[in-house]
């Protein structure tokens, strides 16, 4: 899937996951609507602590890192599709 629009990942093939079903490496789609704009972010689930979801993602403080986001911003989770690779 090649897109820059985070909400396109809601159409990503694979199993849909709830917040409680997330495991490390799963895709997390975050977002919220505010007057006049739509904010969204995507990354790989690392862990959850209280009401914070930690994800590995890019363009977080101008780098690739692990950052925390409010659980209330969770929209969807997706189980990544893996292909067998033989070396």
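Let me know the Kirkwood hydrodynamic radius for segment 24-78, please, with Cα pairs as the basis and the value in Å to one decimal.
One decimal place: 11.4 Å for the Kirkwood radius.
Once you keep just the Cα pairs under 8 angstrom separated by 6 or more residues, what percentage relative contact order results for segment 24-78?
36 percent
Please check: in the Gaussian network model of the chain (C-alpha springs, under 10 Å), which one of 28, 46, 64 has the largest mean-square fluctuation.
Result for the chain, Cα springs under 10 Å: 64 fluctuates most.
Bear in mind these aren't lab numbers, they're just calculated from the coordinates by the rules spelled out. Quick caveat, the model's predicted, so the values are computed rather than measured.
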